[in-house]
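Q: Just dropping this structure here.
The values are calculated or read from the model by the stated rules, or taken from the named source; none is laboratory data. Not measured: the values here are computed from a predicted model. Methodologically, a virtual Cβ is constructed for each residue, glycine included, from the backbone with ideal geometry; neighbour enumeration extends over all protein chains shown. SASA here: full protein model, heavy atoms, side chains in, ligands and nucleic acids out. Shrake-Rupley method; radii C 1.70, N 1.55, O 1.52, S 1.80 Å.
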Amino acid sequence: MRFKAELMNAEEMRRALYRIAHEIVEANKGVEGLALVGIHTRGIPLAKRMARFIQEFEGEEVPVGILDITLYRDDLSEIGHRPQVRETRIPFDLTNRAIVLVDDVLYTGRTARAALDALMDLGRPRRIYLAVLVDRGHRELPIRADFVGKNVPTAKNEVVKVKVAEVDGEDRVELWEKEEA
């Protein structure tokens, strides 16, 4: 792959997450009954950061859960006989809560669909929102994000890579182009 551009630097990511955190509180009319659930892998640190921002400006802690969607993927048969199943930890009751699913990139919508299925198997939230750092288009399912850090029109041969310090050692969003074979 060939590097094309930096889409967001660390400060732009921080500002986008801070803005999304405010939008979430506004949409929920406060923090009562609110919880964030990060989708493995990079959705987890993004959810934790937004929860910290909400605590800073609202003075209340918002619980954060982590969700593995591996067994809910519609391409499970294509990723091997022994897919890597990671931890799902939802340390609160989902019933009657407003849940914000958090992911790094929204593309086809298939990850969000799998996350919805996984979440519904764990309980019955009052409302589910979707928050993403980057929406790159090319939806294959009728899914849209409620909260978006940045909309980035992309070509199908491009890849959006989100890097977070907790996983990758740095914060930035990059655009890469797949090389022709």
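Q: Looking at the range 13-38, which of the residues that are without any contact (Cβ under 8 Å) to a residue 24 or more places away in the chain and in a helix (DSSP H, G or I) is least open to solvent (accessible area, probe 1.4 Å)?
A: That would be 15.
Q: List the pairs whose first member sits in the range 98-124 and is at positive phi and part of a loop (DSSP other than H, G, I, E, B), whose second member is open to solvent by less than 20 Å² (accessible area, probe 1.4 Å) and small (Gly, Ala, Ser), and whose Cβ atoms are under 9 Å apart, counting only residues at least 6 apart or on separate chains?
A: Short answer, once both residue conditions are applied: none.
Q: Scan the range 88-103 and give yes if some residue there is over 16 Å from residue 162 (Cβ atoms), of a type in the set (Ser, Thr, Tyr) and touching a strand residue (DSSP E or B) at 6+ places or on another chain (Cβ under 7 Å), otherwise no.
A: yes
Q: Additional query: Pull up the range 93-108, narrow it to residues that are in contact with a Gly (Cβ under 7 Å, 6 or more places away or on another chain) and of a type outside the set (A, V, I, L, M), then point me to the one that is farthest from residue 128 (Cα to Cα).
A: The selected residue is 104.
Q: What do you reckon, is residue 3 surrounded by 12 or more Cβ atoms within 10 Å (Cβ to Cβ) and not in a helix (DSSP H, G or I)?
A: no
Q: Scan the range 107-119 and tell me whether some residue there is open to solvent by 50 Å² or more (accessible area, probe 1.4 Å), over 17 Å from the mean Cα position of the chain (by Cα) and not aliphatic (A, V, I, L, M).
A: no
Q: Can you work out which of the residues in the range 147-172 that are buried (at least 17 other Cβ atoms within 10 Å of the Cβ) and among the charged types (D, E, K, R) is farthest from residue 13 (Cα to Cα)?
A: 158
Q: Can you tell me how many residues in the range 65-89 are open to solvent by 40 Å² or more (accessible area, probe 1.4 Å) and either of a type in the set (Ser, Thr, Tyr) or modelled with pLDDT of 90 or more (or both)?
A: Total satisfying the criteria: 5.
Q: Go through (1) exposed (fewer than 14 other Cβ atoms within 10 Å of the Cβ); (2) over 15 Å from the mean Cα position of the chain (by Cα); (3) without any contact (Cβ under 8 Å) to a residue 40 or more places away in the chain for residue 54 and report which single condition fails.
A: Just one mismatch for residue 54, condition (1).
Q: Which condition does residue 103 not pass, out of (1) of a type in the set (D, E, K, R); (2) surrounded by fewer than 22 Cβ atoms within 10 Å (Cβ to Cβ); (3) within 15 Å of residue 47 (Cβ to Cβ), if it passes all the others?
A: In the conditions (1) of a type in the set (D, E, K, R); (2) surrounded by fewer than 22 Cβ atoms within 10 Å (Cβ to Cβ); (3) within 15 Å of residue 47 (Cβ to Cβ), residue 103 misses (2) alone.
Q: Based on this model, can you work out whether residue 35 counts as over 14 Å from residue 164 (Cβ atoms) and touching a strand residue (DSSP E or B) at 6+ places or on another chain (Cβ under 7 Å)?
A: Yes, satisfied.
Q: Let me ask another. Please find, among 122, 141, the residue that is more than 16 Å from the chain's Cα centre (by Cα), within 30 Å of residue 30 (Cβ to Cβ), surrounded by fewer than 18 Cβ atoms within 10 Å (Cβ to Cβ) and among the aliphatic types (A, V, I, L, M).
A: Sole residue among the options that is more than 16 Å from the chain's Cα centre (by Cα), within 30 Å of residue 30 (Cβ to Cβ), surrounded by fewer than 18 Cβ atoms within 10 Å (Cβ to Cβ) and among the aliphatic types (A, V, I, L, M): 122.
Q: Looking only at the range 132-158, which residues are assigned to a loop (DSSP other than H, G, I, E, B) and of a type outside the set (A, V, I, L, M, F, W, C)?
A: Those that are assigned to a loop (DSSP other than H, G, I, E, B) and of a type outside the set (A, V, I, L, M, F, W, C): 136, 137, 138, 139, 140, 142, 144, 146, 153, 154, 156, 157.
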